[in-house]
Amino acid sequence: MRVIPSSLLSHVRGLIRRGPSSRWYVVPALSRTNITISHSEQVKEGTFDYKSLELNEIGVLRVLNSMKDDPYLALSFLKRIEGNVALPSVQAYATVIRIVCGWGLDQKLDTFLVELVRKGDAGRGFSVMELLNAIGEMEQSLVLLIRVSTALVKAYANLEMFEEAIDIFFRTYHSLGRAPDIKALNFLLNRMIASGRTDMVVGVFWEIERLGLDADAHTYVLVVQALCRNDDKEGVDKLLIRLLNSETRNPCVFYLNFIEGLCLNQMASMAYLLLQPLREVNILVDKSDLGIAYRRVVRGLCNEMRIEDAEKAFLDMEEHGIDPDVYVYSAIIEGHRKTMNIPKALDIFNKMVKKRTRINCVIVSSILQCCCQMGNFSGAYVLFKECRELNIPLDRVCYNVAFDALGKLGKVEEAIELFREMTGKGIAPDVINYTTLIGGCCLQGKCSDAFDLMIEMDGSGKSPDIVIYNVLAGGLARNGLAQEALETLKLMEDRGVKPTYVTQNMVIEGLIVAGKLDEAEAFYESLEHKSRENDASMVKSYCEAGCLDQAFERCIRLEFPLPKSVYFTLFTSLCSEKDHISKAQDLLDRMWELGVKPEKSMYGKLIGAWCRVNNVRKARQFFEILVTKEIIPDLFTYTIMINTYCRLNELKQAYALFQDMKRRDVKPDVVTYTVLLNSNPELDMKREMEAFDVKPDVVLYTIMINRYCKLNDVKKAYALFKDMKRREIVPDVVTYTVLLKNNPELDLTREMKAFDVKPDVFYYTVLIDWQCKIGDLKEAKGIFDQMIESGVDPDAAPYTALIAGCCKMGNLKEAKMIFDLMIESGLKPDFVSYTTLIAGFRRNGFVRKAFTLMKEMLEKGIKPTQASLSAVHYAKSKAKGLR
DNA sequence: ATAGGGTTAG
């Protein structure tokens, strides 16, 4: 942007067209207008009342000049003649402007000039430059001329005619030797930023610098803002350096304003950056000034949610001997609260208490909010009572948080009691207080109490706002009072508070959650303007109420897209219900049709859902669809599918998918290898894992140890165990279980204690099982008792192990006893327990008993589990291998 | 002078 300086104004002085013209004006009577204009006593409205005037140009000027004591009259007189055959002359405008300006009516001047500029050259019959010249010709006062230029710059800025505004600004400077008011320039720069013309801002600024014109702190703030929007880091640096080296008349005031401006415009970080050098070069030497700056910056950083930076600045501030005031503490606490770092917020509060910093009710309400945000409503109330004990003056905000907490705890009566206490203390409640109480009442189904409060508030002369109506209508709906909810909508409308889609949605959601589906549908149908938000609300509410079919049908038939979050909610619900997974997939198709890009995590979710129900075929089909859309599933999705293939013993497919993922540059992790190695004892992945830099973890080690144990290669298993500990991978209870399963003579109890590994049911079961296998039933039972003693609750497995042991020893009576004991202790025998006992009976010749038991099992609907089946499968394959 | 509370949606 190049600004061409010009001194046109002085050149054209004297060239002004003047003199009489043949134009005639008809001026209608002023009294016919509604505008009350005259503030003056001398010129009465009635002056022109008797008839229309016919005036020539000179006459107009004469009239206008006679109105120099009444700018409003002059303005309206001009307006009158504007509407007529001939346009007012440039002199007429110049005269009026002089009058208005002379009276110091800057705002009037501003609006007048905006209108004038808007007309355009053709609309008014002269150019703005001609107007300026005309004023310059009549007027000797520099101040007045500057004032007109200033207003003109603002007018152009208002109309986003930036080139013209710049032109006037610099022309004024060059011809009058003084620039328009800095405020007009700032206004202009501000508008330029708002319209994204940041380049222009920078251009104008450097021209101002070049000419040595004064800019104020606000100007610099605007320029920094523009430079930041341009991503011009160098420019910012250049500007800041230039600022720090400049001679400013009152540097302290300037920099405090500058810092203030930066903070007000979300540039607190830069303000902080500036603070250090300013301190070092002793510009902000005064402790109080430095304190003002620091406190402002910390608050600014908090406002921008840069809480870490704020804390840094806070410490820095304390190091320089500046005490934070209550506002700084408040900002930091709020910063932590809003970023959900509640412990940190409470921590700051405790520090304040420890330092005996005075605590006021604002801090208290922040802290109470913190408790509530953590869901600790009773804690909030306790704290409130403590503060009350300490005689900290508490206000209606504080009380509000406290009785809101009571309401959320379901204690509405107490909440209302607290509210009465507050009003009793002379604290006048506001609409928010009532809203909180009404919300609390509705939450407890006390709708009539809610009505009473509404009436009470009405009586106190406070007018209900949209929120309180929303809460009431939604609350009524949620309690199934459809009729009353709708009446509330009517009532609010009658009282001039228009229900919004939020109101409607609260009613919709309330009704649906209350199970009033027909009423909700009817209400939806009754809406004159159904907004997208209403549809979204219907779908979401059906999801919330668990009506997935309704939610799905409604969502899928819409011809326009809903917000992504709606699809996400519905999709997630559908995925988690095993009979709705294919609908989840339909929903994705619909999203694609409507041009809504699904969240990437949704693909993985769907595949995961299919895998969870072992429908790996469907998972794979969808997987292939993704691939055609060039969507590559992530590591987790691949691993889930591989795991499912493994679980279903489709090892070839699992391995193929594993190769596929590597081909697509999806790097496997330790879980992927674990999954593969777990079900594929032939695989050796050691080298590959090293190549991918995947380090085995405790799970993988355990699997490998288990593998050697199963092959009865105790030496290798133990070597691996040692290797794992050497790598500082701490074994867990599974590792020990696996080791002990085949090598019960190992005594690892002490080591387990040292690693703080607690035995679990599996561990004990293995030990019991072993003892049974070697025929020491007594020891097995001893271990069982030990397990109970150590507080581990047995499940069916240890009982079954004992049953198996008894059967093996031919002690069927005891086996049956243990079986019954298990049922007595509240456990349900599973497929394995039954088959163990049945096999025992049969093997020992009690065929009839075996048969009865089998019948019982089938009657109870006990079926083999996946785990038991794969155990069978595994046993079979192992038997084959050994053969 | 500067700060904190009620509905939704996120």
Check your understanding: Across the stretch A:510-537, what is the total count of residues that are more than 15 Å from DNA strand B (Cβ to nearest atom) and surrounded by 17 or more Cβ atoms within 10 Å (Cβ to Cβ)?
Key -> 2
Check your understanding: Has the stretch A:245-254 got at least one residue that is surrounded by 20 or more Cβ atoms within 10 Å (Cβ to Cβ) and touching a residue at least 24 places away in the same chain (Cβ under 8 Å)?
Key -> no
Exercise for review: Please give the number of the condition A:His336 fails out of (1) surrounded by fewer than 22 Cβ atoms within 10 Å (Cβ to Cβ); (2) more than 10 Å from DNA strand B (Cβ to nearest atom).
Suggested key: (1)
Check your understanding: Residues in the stretch A:216-245 that are more than 16 Å from A:Glu260 (Cα to Cα), more than 29 Å from the chain's Cα centre (by Cα) and among the small types (Gly, Ala, Ser): how many?
Key -> 1
Check your understanding: Going by the structure shown, is A:Thr644 touching a Ser or Thr at 6+ places or on another chain (Cβ under 8 Å) and under 25 Å from A:Asn680 (Cβ atoms)?
Key -> no
Review point. Are there any helices (runs of 4 or more DSSP H) wholly within the stretch A:136-252 with 2 or more residues that are within 29 Å of A:Cys101 (Cβ to Cβ) and of a type in the set (Phe, Trp, Tyr), and if so which?
Key: A:162-176
Review point. Within the stretch A:380-401, how many residues turn out to be assigned to a helix (DSSP H, G or I) and either in contact with a His (Cβ under 6 Å, 6 or more places away or on another chain) or more than 10 Å from DNA strand B (Cβ to nearest atom) (or both)?
Key: 10
Review point. For the stretch A:339-363, how many residues are surrounded by fewer than 21 Cβ atoms within 10 Å (Cβ to Cβ), aliphatic (A, V, I, L, M) and near DNA strand B (Cβ under 8 Å from one of its atoms)?
Key: 1
Revision key, fill the gap. Among residues of the stretch A:35-60 being closer than 18 Å to A:Phe112 by Cα and surrounded by 13 or more Cβ atoms within 10 Å (Cβ to Cβ), the residue modelled with the lowest pLDDT is A:Ile37
Review point. Looking only at residues in the stretch A:481-509 that are assigned to a helix (DSSP H, G or I) and among the charged types (D, E, K, R), which one is nearest to DNA strand B (Cβ to nearest atom)?
Key: A:Glu509
Practice item. Determine, yes or no, whether A:Thr219 is more than 30 Å from A:Ile332 (Cα to Cα) and not small (Gly, Ala, Ser). Key: no
Revision key, fill the gap. Note on the stretch A:382-397: residues surrounded by fewer than 24 Cβ atoms within 10 Å (Cβ to Cβ) and of a type outside the set (A, V, I, L, M) are A:Lys385, A:Glu386, A:Cys387, A:Arg388, A:Glu389, A:Asn391, A:Pro393, A:Asp395, A:Arg396
Practice item. Identify all residues within the stretch A:587-602 that are touching a Phe, Trp or Tyr at 6+ places or on another chain (Cβ under 8 Å) and either in a helix (DSSP H, G or I) or closer than 19 Å to A:Tyr542 by Cα (or both); write none if there are none. Key: A:Leu587, A:Leu588, A:Met591, A:Met602
Review point. Of the residues A:Lys351, A:Lys344, A:Lys355, which single one is of a type outside the set (Val, Ile, Thr), under 24 Å from A:Cys387 (Cβ atoms) and in contact with a His (Cβ under 8 Å, 6 or more places away or on another chain)?
Key: A:Lys344
Check your understanding: Does A:Lys540 fit the bill of being surrounded by 19 or more Cβ atoms within 10 Å (Cβ to Cβ) and within 15 Å of DNA strand B (Cβ to nearest atom)?
Key -> yes
Exercise for review: Kindly list, by first and then second residue, each pair from a residue in the stretch A:71-86 that is under 17 Å from A:Ile58 (Cα atoms) to a residue that is among the hydroxyl-bearing types (Ser, Thr, Tyr), limited to pairs with Cβ atoms under 8 Å and residues at least 6 apart or on different chains.
Suggested key: A:Ala74/A:Thr95; A:Leu78/A:Tyr93; A:Arg80/A:Thr33; A:Ile81/A:Tyr25; A:Asn84/A:Tyr25; A:Val85/A:Tyr25; A:Ala86/A:Tyr25
**Study point:** Residue selected from the stretch A:548-570 under the condition surrounded by fewer than 19 Cβ atoms within 10 Å (Cβ to Cβ) and part of a loop (DSSP other than H, G, I, E, B), by the criterion farthest from DNA strand B (Cβ to nearest atom)
**Key:** A:Glu559
Review point. Inside the stretch A:438-470, can you point out the residues that are of a type in the set (Ser, Thr, Tyr) and more than 9 Å from DNA strand B (Cβ to nearest atom)?
Key: A:Ser448, A:Ser460, A:Ser463
Practice item. May I ask you to list the residues in the stretch A:364-375 that are within 16 Å of A:Asn341 (Cα to Cα) and within 6 Å of DNA strand B (Cβ to nearest atom)? Key: A:Ser366, A:Gln369
Exercise for review: From the list A:Ser175, A:Ser89, pick out the single residue that is polar (S, T, N, Q), under 27 Å from A:Tyr220 (Cβ atoms) and surrounded by 20 or more Cβ atoms within 10 Å (Cβ to Cβ).
Suggested key: A:Ser175
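The values are calculated or read from the model by the stated rules, or taken from the named source; none is laboratory data. From a predicted model like this one, the values you see are computed outputs, not experimental measurements. Using ideal geometry, Cβ is built from the backbone for each residue, glycine included, and neighbour counts are taken over all protein chains shown.
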